Amino acid sequence: MSTTAPRPTESIDAVVVGAGLAGLYMLHKLRGLGASARVFEGGSGIGGTWFWNRYPGARVDIESLEYSYQFSDELQAKWQWSERYATQGELLRYIDHVAQRFELRRDIVLNTRVESAHYDETSARWAVAASDGQRLSARFVVMATGCLSSTNTPRLPGEESFRGAKYHTGNWPHEPVDFTGKRVAVVGTGSSAIQSIPHIAQQAAQLFVFQRTPNYSIPAHNGPIDPETERRVRADYPAFRAEAATHPFGADFRDNPDSALAVSPEERSAEYERRWAYGGLGFLGAFGDLMFDPKANETAAEFLRNKIRSIVKDGATAELLCPKTPVGCKRLCVDTGYYATYNRPNVTLVDVSRAPIERLTPNGLVTGGREYAVDAIVFATGFDAMTGSLTRVDLRGRGGRALRDKWAEGPTTYLGVATAGFPNLFMITGPGSPSVLSNMLPSIEQHVNWIARCIDDLGKRGAKCIDAHPDAERAWVAHVNEVADASLYPRCNSWYLGANVPGKPRVFMPYLGVPPYRARCEEVREKGYEGFAIA
Ligand code: NA7
């Protein structure tokens, strides 16, 4: 990472960091404003999350008809998804198609990271340094760096001594990985593990799953898209999108506002059964108070534990797989055959909740005083979520203040789109916005649209810069916390709170509730960017 101030050599309007779904659409919008823009991408290809997460079984867990761009009617009408939940490969093909259709590639620099961006108060411009030696002066910097892109791998003594292969699900090789005949360890039981374990188990001679905390998972019931559903959605796609935006998660979970405690146990059970049979994250929409009332939540939790007990034949393994935390408090998972995988004779669940993984040896891992000899270790250990990809860039705002210093006690933003003291720096789906607690793609589009409008408005006013007011930021952070505290979300050690990364401050990062969030963003804009200082 460079420590000296970069030397500007080329002047452009905007630098966009990251060529995932957010960066690509931002580029398209900036071009539409007539702005000169360049996108820097660390990977050797575009696609962000869908470029890096190539592990076996990787697929989106929001239905494809909803997890897609809506900014172009033509794109929306033309693109045909093959499955209810698209695979990583199909998503990359979609992203390639978008890049081609809108001729995005010519402004994207691959294999290149933005190492630093320093704000110069006199010129109101950012001096940007990229890893390929490019130096740019930009009016705006847009961080399209993704919420789950900076991988988290536990530091374990002896890690260099291990003679086998090591993988991380979030940085999977491009060449096929063949586990046939191998003894494999998977560390972690989050969404990536839950998607990959059934696939790895089919190949491996022996699979050990090292579980620290069990998670709830709902069957995907994936398959070809139901033609009737597709016909209905395509008949009026804009109306379908508008309706989805009225739901708390910004996706149509067929939310039932009633309390789980207001109906009889039989009716409740029937509702859970219906949602289990339909599959997917919409399980959380069964009752309006599931994420607010511990008693209501426990009814869903026990329903799901009983499902696990009914699937997993070995009683002790089933109990280990049963989470004790509220449902949804950690990210709910969606799977294909996850629990049943534990009925295979070649799969063993190892509980590391009380005896953590102590170290790696040349042959494998040690926990509870026992060595597990393996040929490969898959770390499905997640990400330094929401802040990691922002703080790993050397961002310096007014007075040379580093973002990572400003956020030492946790991220503070205004609307999750800006942070005070960093003028003209925008974050797409930053901490303090619905982001990971919503359907990411519409949330990305909403942010990009807001940012583009803001840049356009600044130009029309002849203004040079916009900066969040510290008081507005403080009030927003307090509001984000107040909303979260009324829910069950802060009650378990999730990555929403940064609890998965040792030493990370415990702060609830996403904003809960898409409709009020969007309304607030519009209100701020309509009131002349209330809470921002424009110079
Ligand atoms: P997650 O959901 O953060 O899961 C990571 C898993 O790794 C989780 O089970 C962790 O247990 C476990 N973990 C992390 N460190 C360790 C150590 N040191 N020892 C044992 N186990 C460990 O990441 P994913 O990639 O699965 O999913 C991320 C999101 O991507 C997902 O929610 C979707 O939105 C898509 P813990 O729970 O911390 O005890």
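The values are calculated or read from the model by the stated rules, or taken from the named source; none is laboratory data. Bear in mind the structure is a predicted one, so any value in this text is a computation, not a measurement. Counting neighbours? That spans all protein chains shown, and the Cβs are built from the backbone with ideal geometry, glycine included. The accessibility values were calculated without ligands, DNA or RNA, using every heavy atom of the protein model including side chains. Shrake-Rupley method; radii C 1.70, N 1.55, O 1.52, S 1.80 Å.
Structure notes:
- Residues being surrounded by 15 or more Cβ atoms within 10 Å (Cβ to Cβ) and either of a type in the set (Ser, Thr, Tyr) or touching a strand residue (DSSP E or B) at 6+ places or on another chain (Cβ under 9 Å) (or both) - total across segment 215-253: 9
Results for (1) of a type in the set (A, V, I, L, M, F, W, C); (2) under 19 Å from Ala251 (Cβ atoms); (3) crowded, with 23+ Cβ neighbours inside 10 Å; (4) touching a Leu at 6+ places or on another chain (Cβ under 9 Å), shown as yes or no for each residue.
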site	(1), (2), (3), (4)
Ala19	yes, no, yes, yes
Ala35	yes, no, no, no
Val39	yes, no, yes, yes
Thr49	no, yes, no, yes
Pro56	no, no, no, no
Asp61	no, yes, no, yes
Gln80	no, no, no, no
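- Within segment 236-247, not a single residue is over 17 Å from Asn439 (Cα atoms), outside any strand (DSSP E or B) and not charged (D, E, K, R).
- The set of residues in segment 237-254 that are modelled with pLDDT of 95 or more and of a type in the set (Asp, Glu) contains only Glu243.
- Those helices (runs of 4 or more DSSP H) of segment 395-506 in which 1 or more residues are within 16 Å of the ligand (Cβ to nearest atom), touching a residue at least 60 places away in the same chain (Cβ under 8 Å) and crowded, with 21+ Cβ neighbours inside 10 Å occupy 440-461.
- Any chance Phe208 is more than 30 Å from Gly164 (Cα to Cα), within 16 Å of the ligand (Cβ to nearest atom) and buried (at least 16 other Cβ atoms within 10 Å of the Cβ): no
The rows are residues; the columns are (1) open to solvent by less than 30 Å² (accessible area, probe 1.4 Å); (2) more than 13 Å from the ligand (Cβ to nearest atom); (3) over 21 Å from Pro490 (Cα atoms); (4) not basic (Lys, Arg).
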| site | (1), (2), (3), (4) |
| --- | --- |
| Asn297 | yes, yes, no, yes |
| Asn306 | no, yes, yes, yes |
| Val312 | yes, yes, yes, yes |
| Ala318 | yes, yes, yes, yes |
| Leu332 | yes, no, no, yes |
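- Within segment 349-363, residues that are away from the ligand (no atom under 12 Å from the Cβ) have Cβ atoms under 8 Å from residues that are of a type in the set (Lys, Arg) and at pLDDT 95 or above in these pairs: Pro362/Arg163; Asn363/Arg163, counting only partners at least 6 apart in sequence or on another chain.
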